[in-house]
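The values are calculated or read from the model by the stated rules, or taken from the named source; none is laboratory data. A quick note: this is a predicted structure, and the numbers were derived from the prediction, not measured. Cβ placement follows ideal geometry from the backbone for every residue including glycine, while neighbour counts extend to all protein chains displayed.
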Amino acid sequence: MADPPAIKTIVLPIDAHGVSRATLDILVRVARQLDCALLGLFVEDARLQRVADLPFATEVVLTSGGERRLQPERLRSHFGKVSRDTRAVLEQLAGDNRVQLTCETASGARLGAVLQRAGGVNIFLPGRERWPARHTPRIRRPAIPRLGVLLGAPEEDQRLLSVAGTLVDAGLVGVVHVLSPGALDAERRGAIERLGLAVRVVRLDGLDRQGVTGLIRRSPYDLQVLPFSCVQEIPPAQLESALDASRGQVLVVT
Amino acid sequence: MADSDSLPPLEAAPAQSALPVERLYRHCEPGELAFETTAELEPLARQPGQERAVEALGFGLAIEHEGYNLYLMGSSGVGKRELLQGILREAAARGDGAISDWCYVNNFEAPDHPLVLRLPRGMGCELRRDMARAVEDLLASLPATFQSEEYHSRVQELGEEFQEQSEFQQIAERAAQHDIAMIQTPSGYTLAPTKNGEVIPPNEFEALPEEEKKATLALIEELKGELKGVVRQLPRRRRESMERFRQLNREFSQLAIDPVFADLKQKYEQHADVVAYLEAAHHDVLEEAEAFTQEREESAIPENLKERAREFTRYGVNVLVDNADLETVPIVYEDNPTFANLLGRSEHFARMGTLLTDFSLIKPGALHRANGGYLLLDADKLLTQPFAWTGLKRALKARDIRIQSPEQFFSFAATAQLEPEPVPLDVKVLMLGDRYLFHLLQEYDPEFVSLFRVTADMTEDVDRTPENTGLFARMLHSLSQEYGLLALDRSAVARVIEHAARRVEDSTRLSVHRGRLQSLLTESDFLARRAGASSIAAGHVDAAIEAAVHRLDQLRERSQEGILREIMLVATEGTAVGQVNGLAVYLLGDYAFGRPTRITATARLGAGKVLDIEREVDLGGKIHSKAVMIISALLADRYARNRPLPLSASLVFEQSYGGIEGDSASVAELVALVSAIADIPVRQELAVTGSLNQHGTVQAIGGVNEKVEGFFDICNARGLSGSQGVVIPAANAVHLMLRRDVRDAVAEGRFHVYTADDIDRALELLTGFSVASIDARVSARVDELQALSRRFSGRGESAGRGDDGDG
């Protein structure tokens, strides 16, 4: 059994794109296993509002390829609906799983707003892409079939591995891949072995900020656990862009 | 009533001799039998006397042309099935036809038309096991295939290749180079000018120089154009991506699936239709591979794999007929030949209020089980089952078996049903039935004639020769062995032989009706065992016969009681004019008894018609009516050949309130008529039976033993006078096998059995007067009636007009 991690809250930033119910379900189950509270942070994108204020602002619609006027009122209305719907789902899931939930609103860039709250909170960042039509076992599969854990500074690794261990013990995880920026020392190796079954160690020598961004963008994992130290230097816009392309979720552990 | 004083006198007839007692029963002396008990004898493989039927069966079973099915006819219980079983076993053992298993499998292209597979015997179940195992193997291997690192890597590669964001990212980067931000909106993307990384507010943008504003807007338009171009490519890219992922999934599916089916195809390569099915199944599994990846945590445990494999019914094999254990071609007897039991059926299950079916619910019929061999059916059961006969004929003519519901068969079905591929049919059908059904079918069903071209006719009896007597004894031994009965000593065998002659109503023949013999032996065995005997003796046989008669004898006793109590009037002494004791036999299934019945006649002036009262009130059958007409013709021929016969007469069976049929009372009727015409008394101490032709010849009748015994019983109950007896046709003398008490009475001279071969002798016996004096008296009476007729008709009027109105 892994040591319980010393973490208290997981922050989930929510903007006008919303978060799928499946992703919220995974988040709530992770929070329950990690004995964390949830904070839903509803971030109204001020930048987008500013764009909408421009008289010539239009948007290219993805579903049709057509173009239409970007209207501030519509953006606000849309954000309001997404917020209400997402909140309702979160409240229901949190209630069912007995996870403490609070909600706040903020204005600004999604990641910018949440990264400012670092220090004792963890961040759950949903990817925006969908998995392609791969064959995956659909009945009774683990909630997180493939978990990736990126090791960082030695003092962070214990918490990261503890998080992974807790999720594995709860039966939420299928396979664990431990991504190591360098060679593993004996202590880390021992901690990894204590995780139990289905662990693979992947060495990523020389992983830099760009590498982390690429790892998020091309993530083959349903959930990646990253140390906060790896993401704090990445510009929010770049991180946002990587998340836009990511199929999996990211849990940033502080 | 004629004035007998004016008629010529009657003269006594010469003395008539009765049959000696030796002629009344043909004994089988135990000394004729060269054994002590039947245990010494060899069993008999086949009933004696069935050579004709055996030859026909041999021919019918050997000939292989279409339409040579067989009808084996004989009365119920004669031993049709037993005769067949031995012959069929021999034929089946000789058979060189391959014994096949028959299976139904799913038709993946048209599930409502399941496909049939023919396999060597034993391979049906093997194929079923192999397919089940294949599904288990796929359930184990496919999930693992799609969880492999290699698969995930390939998914990742494809994902990156079709990464939608990369193209948008390129536009965004190019836009950023010109201080234009590409920002994701809830529905798509928008472009906006920036300064120092922040979107320029409207007022600041308005404050820009015109040229700069125009350039910025132009660039934004250009970038929007590119963006739109990328967006418009998305559907095609997505289709491409889906197709590539499908190909990837199929590639990995094949890695797991192909080896499984390759092994199966190799194993069954000698069977083209099985290989074709495996090809189709292979293709279907590839299409449905995702269904096999629905993994469960405990799916690695073999028992649970079997459980899961059962859910994949579409890959199952319905072994319709499993002949694995059969060593010869099948011989099937269907004792309940309903439409479904013969031709098979599709069962249904209910789901959500609807009845559903599939190939796995097809059940075989008797035709399937007998395919390649022989099918035995009882004709009466077959013909009384709705649609069964029609269905069988269709299958035989088409040489295939189609599993249909009766509604489908007659195109009444309003809903979609299963239409399995027909099973090719190669069977020989043997129908077992009686002669009546056979002739009905021959007469009214032309298809029967073309489908059942071989008739095997079992004989009911054989000549009572020493050789056949020996065979008969061996047959009794076979029956004893077959039914676990005690052996018979030779006195019992002799008694059974005599009884067999009695059963067939012919002292020169033996009944070989297997069913009746088996019943007699079984009941004799019961009595013998109850008496503690180690073998069956004649006494046990006698007791069994008497007990069987007694069980059914109540009606006869009541009938006799009615006569003895003179409720039913039958005289057994004295004489009477126009009244004769006729004899009737009553058939109650396998039991018959005889009973005397009073026949009376009246005669008067008339137009020459003999009125059959039974016929007038529809109580007389056609044969009886025919007999009365023959009597009329005989009478006219005998007494009025050259002149009109100016009389009317009537005949009736007194106190008879049921139907009368047959001609065995025509001698009695004629004697009654002659007596009535000429006032000639008839001896009431005699009864008579016999049929007449137009020339006065007395013809044989049936039930002679029962008739004699019936009159004897009444006379015996009243006290035999010594002059009582029965007159029977001479042709029936050979049929006599009378009861012991009758024989004893005859031997003691207290009862007599006479024979008559013509009406003259019958008249003399029954009246005691010479036929010459009888004829003279009748002729004189006719003369009187003619004179009366002329007197009543008047001079010049037609003598042929009488009170009956016809000539």
Item to check | Meets criteria (part of a strand (DSSP E or B), under 29 Å from A:ARG76 (Cα atoms) and at the interface with chain A (Cβ under 9 Å from one of its Cβ atoms)) for B:THR190 | outcome: yes
Checklist entry - Where in the range B:498-575 are there helices (runs of 4 or more DSSP H), lying wholly inside it, with at least 1 residues that are closer than 29 Å to B:ARG474 by Cα? => result B:514-530, B:538-552
Checklist entry - Listed residues B:GLN560, B:GLN579; which is at pLDDT 90 or above and either closer than 27 Å to B:LEU645 by Cβ or over 43 Å from the mean Cα position of the chain (by Cα) (or both)? => result B:GLN579
Next on the checklist: Given the criterion buried (at least 24 other Cβ atoms within 10 Å of the Cβ) and among the β-branched types (Val, Ile, Thr), identify the matching residue among B:ILE759, B:ILE701.
Outcome noted: B:ILE759
Next on the checklist: Quick check on the range A:21-39. Is at least one of its residues crowded, with 22+ Cβ neighbours inside 10 Å and either at the interface with chain B (Cβ under 8 Å from one of its Cβ atoms) or on the phi > 0 side of the Ramachandran plot (or both)?
Outcome noted: no
Next on the checklist: Please verify whether A:GLY65 is surrounded by 15 or more Cβ atoms within 10 Å (Cβ to Cβ) and within 24 Å of A:VAL231 (Cα to Cα), treating the condition exactly as stated.
Outcome noted: no
Item to check | All positions within the range B:154-171 that are polar (S, T, N, Q) and more than 8 Å from chain A (Cβ to nearest Cβ) | outcome: B:GLN170
Item to check | Tally of residues being in contact (Cβ under 8 Å) with a residue 24 or more places away in the chain and more than 10 Å from chain A (Cβ to nearest Cβ) across the range B:230-246 | outcome: 2
Next on the checklist: Any residue at all in the range A:194-216 that's touching a Gly at 6+ places or on another chain (Cβ under 8 Å), farther than 14 Å from A:LEU150 by Cβ and crowded, with 16+ Cβ neighbours inside 10 Å?
Outcome noted: yes
Checklist outcome for this item: Residues of the range B:469-490 being under 29 Å from B:GLU22 (Cα atoms) and buried (at least 22 other Cβ atoms within 10 Å of the Cβ), in sequence order, are B:PHE472, B:ALA473, B:MET475, B:LEU476, B:LEU488, B:ASP489, B:ARG490
Checklist entry - Do we find a residue being in a helix (DSSP H, G or I) and of a type outside the set (Ser, Thr, Tyr) anywhere in the range B:414-436? => result yes
Item to check | Among the candidates B:ILE183, B:ILE220, residue that is within 9 Å of chain A (Cβ to nearest Cβ), assigned to a helix (DSSP H, G or I) and more than 30 Å from B:VAL285 (Cβ to Cβ) | outcome: B:ILE220
Checklist entry - Mind checking which residues of the range B:368-410 are of a type in the set (Ser, Thr, Tyr) and assigned to a helix (DSSP H, G or I)? => result B:THR384, B:THR390
Checklist entry - Quick check: anything in the range B:295-309 more than 42 Å from the chain's Cα centre (by Cα) and at pLDDT 90 or above? => result no
Item to check | Qualifying positions in the range B:206-217 - more than 8 Å from chain A (Cβ to nearest Cβ) and surrounded by 13 or more Cβ atoms within 10 Å (Cβ to Cβ) | outcome: B:LEU208, B:LYS213, B:ALA215, B:THR216
Checklist entry - What number of residues within the range A:199-228 are away from chain B (no Cβ under 11 Å), of a type outside the set (A, V, I, L, M, F, W, C) and more than 17 Å from the chain's Cα centre (by Cα)? => result 7
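Conditions tested, residue by residue: (1) in contact (Cβ under 8 Å) with a residue 40 or more places away in the chain; (2) surrounded by fewer than 16 Cβ atoms within 10 Å (Cβ to Cβ); (3) farther than 30 Å from A:GLY65 by Cβ; (4) within 14 Å of another protein chain (Cβ to nearest Cβ).
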{"position": "B:LYS228", "(1), (2), (3), (4)": "no, no, no, yes"}
{"position": "B:LEU248", "(1), (2), (3), (4)": "yes, no, no, yes"}
{"position": "B:ASP263", "(1), (2), (3), (4)": "no, yes, yes, no"}
{"position": "B:ALA276", "(1), (2), (3), (4)": "no, yes, yes, no"}
Item to check | Residue in the range B:39-51 that is of a type outside the set (Val, Ile, Thr), outside any loop (DSSP other than H, G, I, E, B) and crowded, with 17+ Cβ neighbours inside 10 Å present | outcome: no
Checklist entry - In this structure, is B:ASN203 more than 9 Å from every other protein chain (Cβ to nearest Cβ), loosely packed, with under 14 Cβ neighbours inside 10 Å and at positive phi? => result no
Next on the checklist: Given the criteria in contact with a Pro (Cβ under 9 Å, 6 or more places away or on another chain), at pLDDT 95 or above and closer than 29 Å to B:TYR591 by Cα, does B:VAL753 qualify?
Outcome noted: no
Checklist entry - When you look at A:VAL99, is it buried (at least 18 other Cβ atoms within 10 Å of the Cβ), β-branched (Val, Ile, Thr) and either in contact with a Ser or Thr (Cβ under 7 Å, 6 or more places away or on another chain) or closer than 30 Å to B:ARG232 by Cβ (or both), yes or no? => result no
Checklist entry - Right, A:ILE216: of a type outside the set (S, T, N, Q), at pLDDT 85 or above and either in contact with a strand residue (DSSP E or B) (Cβ under 7 Å, 6 or more places away or on another chain) or at negative phi (or both) or not? => result yes
Checklist entry - Would the range B:228-240 turn up any residue that is among the hydrophobic types (A, V, I, L, M, F, W, C), at pLDDT 90 or above and on the phi < 0 side of the Ramachandran plot? => result no
Checklist outcome for this item: Of (1) closer than 20 Å to B:ARG503 by Cβ; (2) surrounded by fewer than 22 Cβ atoms within 10 Å (Cβ to Cβ); (3) out of contact with any Ser or Thr (no Cβ under 9 Å at 6 or more places or on another chain); (4) without any contact (Cβ under 8 Å) to a residue 60 or more places away in the chain, B:PHE712 fails just (2)
Checklist entry - Is there a residue in the range B:452-460 that is part of a helix (DSSP H, G or I), touching a residue at least 60 places away in the same chain (Cβ under 8 Å) and either surrounded by fewer than 20 Cβ atoms within 10 Å (Cβ to Cβ) or of a type in the set (A, V, I, L, M) (or both)? => result no
